Each structure stands twice: as C-alpha cells, then as structure tokens.
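Structure, as structure tokens:
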Amino acid sequence: MSDNDFHIRWDASALALLRSRIRGFEWPYNAADSGWRYGCDPDFLRRFCIHWADSYDIEAGEGTLNRYPQLLAEVAPGMRLHVVHVCGEAQGRRPLLLIHGWPGSVYQFWPLIDALAFPSRFGGAPMDAFDVVIPSLPGYGYSDKPAAPVGPRATAGWLARLMRDALGYQDYLVAGTDWGVVIAAWLALDHRKDVRGIHIDYPGAQPAAAPTTDAERAYLEAFEAAENRLGAYSRLHATRPQSLAFLAAGNPVAQAAWILERFHDWADLRGRAIDEAFSLDTLITNLMLTVMTDSFGSATWMYAGAESEGTRRLPEGCRVPVPAGFASFPDPRHPRPPRSWVEKGYDVVHWREHDRGGHFASMEVPDLVIADLRDWAASLANIHRKVDGIVDPENKVID
C-alpha cells in the first residue's frame, strides 16, 4: 500500500511542546572558553536554540519541506519509505536515485533538485533531465522504523523494490553520500541488472585489498587517523545506540548538539563559522525531520546494522560491477583517496577532485555536485556498455 500524496504537517501541540523543552532545558556546567574542543560549542548552541524557539519560521520551514511531491511507498510488510519523487522534464528518460546518510536527510538534496529535474530553466537541454528520487532511509524522518537495526545491504534491497515495484523503473542511476555510498555499492552488487551506474564521494564500502603504493598506504593511515579523531560517535552508534537514544529522548537540545557537532566537524569551514556555511534555518529544518518524527535513535541504527552485516567492506576479490563516478571533496571526515585505491573496488569511469566543499557537498557546493552528476551521466551514455551480465573478477557470484 502506498500514499501517493504525502505532505509534512507539524502538529501545533507538538510544536508547543518542542519550544517548551528548548526553553526549559537545564544547561550543564561547561569548561570555560571551550568552543568546539570537547563537543558542541555551548555558546553557539545557546544562540542556535534561542533562534529555534523564538525566531524560526515554522510555517516557512514546513513549506520548504513540502516544496516537492512526496509519497509513502510500501517496500516490505511493515516498512513504508518516505520518498521525494520529482519527475523531470525528460519524462522518465533518466531516473536518478539519491541516497543520503547520517546526520543528513532528504532535505540535504534540496539545492540539487530543480537543476537536475528541469535543466532548461538553467540554460541546459530538457533531454538532460533526471527523474529525481530521494527516499528517507529506514528509521529516518517519515519512513517507518524497522523492528531492529538494519544495514546497508538490507536497505539496498528495499530501495530496489522501491524503484522497480513502487515507482516502475526498470533501470536507474544511483548517487549516494555518507551511508548512501555504501548502499549504492550493495545495490550495484545485488541488483546489477537494475543499476546502470553509481556515483560516490568516498569508498564507504572499502576494497578488500592490501595497499600497494605509498599513496594508498598514506591514505589508509589518514583514514585511520580521522577515525580516531572524529569517529567516537560511530562506535557508540554501532555498539550502544539504545543507550544514546535514552539520553536524547524528549531532549531536542541534546539531539541538536549531537547533530550540529557533525556539521561543524565535517563541513569545509576553512576560515568560516558554521553559520556562515549553513544558515541557522537550514540547520534547523534538517534537524526538524529528526526531532518531529522521534527518529533520533532509529536513525543511528544503520551503524549497528552494518556491523551485523559486515557490509562496510567489499567481498574478497570483488569489484562493484557497474560503471562508477567518483567526486572527492576536502572532507575532514573522509580523507581524499588515491584513484588507484578506489579502482581496486570500483570500475571508475569518471573522476573529479575538488578543492572546496566538505562532507555535505550538496548543501555546501551544490553547483559542483550538479555539474559532476551531469558529466558522470553523460560519460555513462558514451561508454556503450550494458551493465546486464557483468560479473565480478573470477566470475564470483555475490551471495
């Protein structure tokens, strides 16, 4: 069963309770002048919460989130996904599945939609348009919460059903960021006849290979250093998500602090404050998709699910068997890999390295992301290769 005319509506009593909880928050004792050193900057968080409770335009925020057509699509018994579905002016010629991660949401792709779906409005050709499909991941926003943590591979199966069964697309392109890159890889592995190509911004499903060059070894060392410096949240999500949910339940300020810290630490802020890279309203609107749906806890479950599945690494001896585009940004969370490393696990046919933009590239530098996706799609059209029947090295079948 699907609801093909879904609109986000925030209940007045729930909004009143939200404001009450923000205003009534008991602020803890903080180290003097600590800034972002030990976590979320207390001074910024206070300013953020004052704006959230007293100045954020609820009606405008709700209207922003309802700007594009949305639906709820059943992909399994008890699992409906919230989906933004914008049919482009090319009338179904190129379906593009965009997959977010944590702590993002469907909203992080808002800056891309119009240019991708309606290129003639921006000086492009109508036949270059995409049908844009943006699902909220299971447990995120207005998608249903799974009964227990699920990982990228199970999620990929649900997204395959969404595209083929609910929306009727026989084949499509996939672009992901954060968890979306891992899900994209497993979509290509498990549903290769459907997926015509993937676009990723880091090798989230890492190649099962040893480094063979100094550049590859340096990258893996930098990757490990970033995990040690910025990855504590990830281990908590993967091993103790329930305890974190208890700490944050009914506490919008705690949820804001946890999520805002990631935007600060992972964005390309060189020489800028966080609210110079993202407006307060943008940060709040993204956060509202979590707070107003009580999905803070369930949105962290992908980490535990990935641990159970073992899907953050590609199978031994396997390359993702569809053409891949890769765009790297100066993302503090994920160091830039050398092309040789990515090619150990992916059939790279389009490669871009950018000198600006961080982890949230579609929000930070949408112009670059739009150009990358257009160029990548054009390169796929020029390859003259079919994905159907392609197998991984040694003809191994992925179970």
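General remarks:
- Between P69, Y107, F122, the Cα set farthest toward the positive side of the dipole of segment 1-138 (charges on each charged residue's Cβ, about the Cα centre) is that of Y107.
- Each helix, a run of at least 4 DSSP H residues, gives -39500 (n - 2.57); summed and divided by the residues of the chain, these come to -12000 deg cm²/dmol at 222 nm.
- Gaussian network model of the chain, springs between alpha carbon atoms under 10 Å - residue of A238, A184, A226 with greatest fluctuation: A226
- Taking a ≥ b ≥ c as the square roots of the Cα gyration tensor eigenvalues, segment 264-364 comes out oblate, since a/c reaches at least 1.5 and a/b does not exceed b/c.
- Taking the number of Cβ atoms within 10 Å of each Cβ as an exposure proxy, the fewest-first ranking of V342, V349, V320 is V349, V342, V320.
- Here the residues F48, F25, ranked from fewest to most Cβ neighbours within 10 Å of their Cβ, fall in the order F25, F48.
- From most to least packed by mean Cβ count within 10 Å, the peptides 328-341, 194-207, 300-313 give 194-207, 300-313, 328-341.
- Chain lengthening between E307 and A208 when straightened (0.36 nm per residue, less Cα-Cα): 34.0 nm
- Helical segments meeting 15 Å axial Cα length and Kyte-Doolittle 1.6 threshold in the chain (DSSP H): 179-190
- Only Lys, Arg, Asp and Glu carry charge here, each on its Cβ (+1 for the first two, -1 for the last two); on that basis segment 1-118 has a dipole of about 200 debye about its Cα centre.
- The charge dipole of the chain, taken about the Cα centre with unit charges on the Cβ atoms of Lys, Arg (+1) and Asp, Glu (-1), comes to about 400 debye, rounded to the nearest 20.
- Segment 280-345 and segment 152-206: distance between their alpha carbon centers, rounded to Å: 12
- Gain on full extension, evaluated as 0.36 nm per residue between E276 and R46 minus their Cα-Cα distance, stands at 81.1 nm.
- FRET efficiency, 1/(1 + (r/R0)^6) with R0 35 Å, evaluated for E353 and W27 via beta carbons: 0.25
- Sorted by Cβ density within 10 Å, fewest first, the residues L17, L116, L45, L260: L17, L45, L260, L116
Coordinate-derived values only; no laboratory data. Just so we're clear, the structure is a prediction, and the values are computed from it rather than from any experiment. Using ideal geometry, Cβ is built from the backbone for each residue, glycine included, and neighbour counts are taken over all protein chains shown.
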